[in-house]
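The values are calculated or read from the model by the stated rules, or taken from the named source; none is laboratory data. This is a predicted model, so every value here is computed, not measured. All Cβ positions, glycine included, derive from the backbone under ideal geometry; neighbour counts span all protein chains shown.
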Amino acid sequence: MSLEFRIAATFTAALARLAAPEQKAAKTTAFDLQMDPAAPGLKFHRIDRSRDPHFWSVRVNSDIRIIVHKTDASFLLAYVGHHDDSYAWAERRRIEAHPRTGAIQIVEVRERVEEFVSASAPAIPPTAAPELPLPKPLVIPFRALSDDDLLGVGVPSDWVADVRKASEDAFLAMAEHLPAEAAEALLEYVGTGRLPKPAPTTEADPFAHPDALRRFRVVENQEALALALDAPWERWAVFLHPAQQGVVDRSYNGPARTSGSAGTGKTVVALHRAARLAQEAADGRVLLTTFSQPLAKALARKLAVLVGDTSPVLRRVTVLPYRSVADELYQLAFGRRAVVASDEQVEDAVLKAAEGVGAKGFTTRFLLSEWRHVVDAWQIADVEAYARVPRLGRKNRMSAGQRERLWPVFAAVRASLAKRGLATWPDIFGRAAAYYATRETKPFTHIVVDEAQDLGVAELRFLAAIAPAASDALFFAGDLGQRIFQQPFSWKELGVDVRGRSSTLTVNYRTSHQIRQAADRLLPSAVRDVDGNADDRNRTVSVFNGPAPTIQQFDTEAKETAGVAAWIAQARADGILSSEIGVFVRSRVQLQRARAAVEGAGLPWVELSEQDQEVTGSVLIGTMHLAKGLEFKAAAVIACDDGILPLQERLEAVADETELDDVYETERQLFYVACTRARERLLISATRPISEFIQDIASTREE
Ligand SMILES: Nc1ncnc2c1ncn2[C@@H]1O[C@H](COP(=O)(O)OP(=O)(O)OP(=O)(O)O)[C@@H](O)[C@H]1O
């Protein structure tokens, strides 16, 4: 009988925790096992004290042991660690098919649960300080669920009784010991009151169940093993959630979009989908594109991890930020490079045009906003088009007569930029789009876009123009709740209709339950785009627990600096590396507060730039905008003072009520982006008076 060789997610996670030379030695043994598990040089010992007779240890060196699970049909790398740790792990586990769902699971043998239950006893302060909140009433969330319900979502039979009587806090402590599919389903129940339907399966093979596929992977050859082991911490490269896998594999007969709140693996899905499309078509030309240069570089690095450095697939995928794609295609189309006007040059042109034409009754602020968000964004060419442009939320603002009076100002701006040979980014996107829109042959066969919530009108038109009219040509990943640069508009009106082809990811892999729950309070539970596609954020669950975010307010900046420095020093003392710590502020002006705090903790810092974000041995500091797409074990979002967040200057620069609403919304979303960069620890700090957004995040209302 042929033996299936598999690797479990627990093995790659354990491997990542070992020191580099230990990892190297363990990998060598793993390769030997994959070549021939019966090779005479390999030393196996049965784990006698395990309740599962199939666990064996394999000697790597005098200290390190790999734990394997072997039956007649299957050979599984389950764990690796120092001798005692490995044995203890195996002694407390068994691997079996769940009696109800049929999925193979690694089950932690239930320990005495009193420790969980006592962890949940309400903490009554010895002397009741007046400002302390009253202890929460003890909630027993699963009391109403039957054995059948619990078994149906994969709770192991011997855990059923304890889960049912656990308080909410006890359950949070218990969740890490349950198989992940069961923990996720129960967390969802706590959050929404609904128990998700278990994944249906018709497979007889317990390893083929969708839940099992997330944790066990067949390794067919040495190359596949090398890939899985080379990046052991990159679990996303190997184990996808069934919902993620579904979006990666699906074929769409039109533009499609996947959404999901921060950390649900949208980027991971975009990467896998681009790789799949490139793998399947030897003559495919896949574009994987995103918002900025650093994010594109990060995508390129991850793609190489996913498919391997030397894979021919890499040659079929172009990874570039949107603007670089437009820049290159513009050159190809017109034989020269576009020269981009700076913000100052545009402002100057608007001012001069207004003076020249005499736009009485309109403020400069209004004219700039109208140019940026309407005339330039939509690439309006004449007064008729100006009259027709969809004016989302701007409906009441201008009569037809006013627009006719204003048009000469904008026509003059265009003429003056053109005279100097300058173009704006919407111009460049627009001209390249116009060139390719009429051509049969497109530069790419498939386009996968990450961070799609920040596509503007011109960018979206451009991407639609360079994609063929074929299945799977356009795929977008993004989170409407993280839009921080663009004003909303209808995709459908531009011919990119994703209705009926959109999906939402709901399992958060990045951020602890506690941090995610706090950050979620910043946004409404459902965000809807202009075309009516709703993004339901309520159903998101995190896969692990951690400490609640720390929120601190101070009287002076000096005190804040000392407080943040102490928090950073503590994180470092707890073993978090400098490069795993990020400190974010609203604008460049506050960067000195971030620098002072890191220096106060005695650590080196490096500033994130728009060009690159290489990993270094220093704490990363930067503006919230540059935090987009990144993640840190510990993140501090500091200087969140009133007037800084939301940024007073932006509030003052708005042209009307609608724009004011949008500024509030994008400032709030920016804060959400910054807070959701934290994986395990989050600090939010401010000097008094503090940002109004902190009140929302600190609110203790029941979810
Ligand atoms: N299937 C998976 N298994 C393990 N880890 C995963 C999986 N999917 C995603 N992750 C991890 O979760 C984290 C967040 O993933 P990713 O960056 O793709 O999320 P995102 O939805 O794009 O987030 P954001 O909206 O904040 O940019 C990453 O560390 C990623 O490696």
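Summary table below
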quantity: Matching option when the condition is in the same structural domain as Leu460 (by TED's automatic domain parsing), near the ligand (Cβ under 10 Å from one of its atoms) and out of contact with any Cys (no Cβ under 8 Å at 6 or more places or on another chain), among Ser261, Ser311, Ser251, Ser324; calculated: Ser261
quantity: Pairs, first charged (D, E, K, R) in region 433-455, second outside any loop (DSSP other than H, G, I, E, B), C-beta under 6 Å, six or more apart; calculated: Lys442/Ile466; Asp450/Thr267; Asp450/Ala270; Asp450/Thr290; Asp450/Ala477; Glu451/Thr290
quantity: Residue in region 591-607 that is touching a Pro at 6+ places or on another chain (Cβ under 9 Å), in contact (Cβ under 8 Å) with a residue 40 or more places away in the chain and more than 16 Å from the ligand (Cβ to nearest atom) present; calculated: no
quantity: Hits in region 512-540 - residues which are out of contact with any Pro (no Cβ under 9 Å at 6 or more places or on another chain) and among the β-branched types (Val, Ile, Thr); calculated: Val527, Thr540
quantity: Number of positions in region 320-363 that are in a helix (DSSP H, G or I) and of a type in the set (S, T, N, Q); calculated: 3
quantity: Number of the condition not met by Arg250 [criteria: (1) at pLDDT below 80; (2) over 24 Å from Ala13 (Cβ atoms)]; calculated: (1)
quantity: Residue ranges of strands (runs of 3 or more DSSP E) in region 27-84 with at least 3 members of a type in the set (A, V, I, L, M); calculated: 64-70, 74-82
quantity: Condition broken by Lys297, with the remaining ones in (1) more than 10 Å from the ligand (Cβ to nearest atom); (2) in contact with a helix residue (DSSP H, G or I) (Cβ under 7 Å, 6 or more places away or on another chain) satisfied; calculated: (2)
quantity: Flag for Gln23 being of a type outside the set (Phe, Trp, Tyr), within 30 Å of the chain's Cα centre (by Cα), more than 16 Å from the ligand (Cβ to nearest atom) and in a helix (DSSP H, G or I); calculated: yes
quantity: Members of region 561-585 that are touching a Phe, Trp or Tyr at 6+ places or on another chain (Cβ under 7 Å), without any contact (Cβ under 8 Å) to a residue 60 or more places away in the chain and in a helix (DSSP H, G or I); calculated: Glu580
quantity: Hits in region 652-691 - residues which are away from the ligand (no atom under 16 Å from the Cβ), closer than 30 Å to Gly193 by Cα and part of a helix (DSSP H, G or I); calculated: Glu665
quantity: Count of region 329-375 residues which are more than 16 Å from Ala653 (Cα to Cα) and touching a Ser or Thr at 6+ places or on another chain (Cβ under 8 Å); calculated: 7
quantity: Some residue of region 514-524 being more than 15 Å from the chain's Cα centre (by Cα), assigned to a loop (DSSP other than H, G, I, E, B), more than 16 Å from the ligand (Cβ to nearest atom) and closer than 30 Å to Glu168 by Cα; calculated: yes
quantity: Number of positions in region 624-657 that are over 18 Å from the mean Cα position of the chain (by Cα) and over 30 Å from Leu367 (Cβ atoms); calculated: 4
quantity: Pair list, Cβ under 7 Å, 6 or more apart: region 284-313 residue under 23 Å from Ala228 (Cα atoms), other residue in a loop (DSSP other than H, G, I, E, B) and at pLDDT 90 or above; calculated: Leu299/Asp450
quantity: Among the candidates Ala278, Ala256, Ala270, Ala282, residue that is more than 9 Å from the ligand (Cβ to nearest atom), crowded, with 24+ Cβ neighbours inside 10 Å and outside the structural domain of Ala25 (by TED's automatic domain parsing); calculated: Ala278
quantity: Search result, residues across region 151-168 that are touching a residue at least 24 places away in the same chain (Cβ under 8 Å), assigned to a helix (DSSP H, G or I) and either over 21 Å from Val107 (Cα atoms) or of a type in the set (A, V, I, L, M) (or both); calculated: Leu151, Glu168
quantity: Residue satisfying all of: in region 489-500; assigned to a loop (DSSP other than H, G, I, E, B) and surrounded by fewer than 18 Cβ atoms within 10 Å (Cβ to Cβ); farthest from the ligand (Cβ to nearest atom) among these; calculated: Gly495
quantity: Check on Phe475, buried (at least 23 other Cβ atoms within 10 Å of the Cβ) and more than 30 Å from Thr540 (Cα to Cα); calculated: no
quantity: Lone unmet requirement of (1) farther than 20 Å from Ala634 by Cβ; (2) away from the ligand (no atom under 13 Å from the Cβ); (3) not acidic (Asp, Glu) for Ser503; calculated: (2)
quantity: Criterion: within 16 Å of the ligand (Cβ to nearest atom), modelled with pLDDT of 95 or more and among the small types (Gly, Ala, Ser) - qualifying residue of Ala464, Ala473, Ala433, Ala452; calculated: Ala452
quantity: Residue satisfying all of: in region 152-196; of a type in the set (Lys, Arg) and more than 25 Å from the chain's Cα centre (by Cα); farthest from Ala8 (Cα to Cα) among these; calculated: Lys165
quantity: Matching entry among Ala558, Ala534, Ala526, Ala519 (being in contact with a Phe, Trp or Tyr (Cβ under 6 Å, 6 or more places away or on another chain) and of a type in the set (A, V, I, L, M, F, W, C)); calculated: Ala519
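Residues are listed down the side, and each one gets a yes or a no for (1) of a type in the set (A, V, I, L, M, F, W, C); (2) touching a strand residue (DSSP E or B) at 6+ places or on another chain (Cβ under 6 Å):
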site	(1), (2)
Trp491	yes, no
Thr504	no, yes
Tyr509	no, no
Gln517	no, no
Pro524	no, no
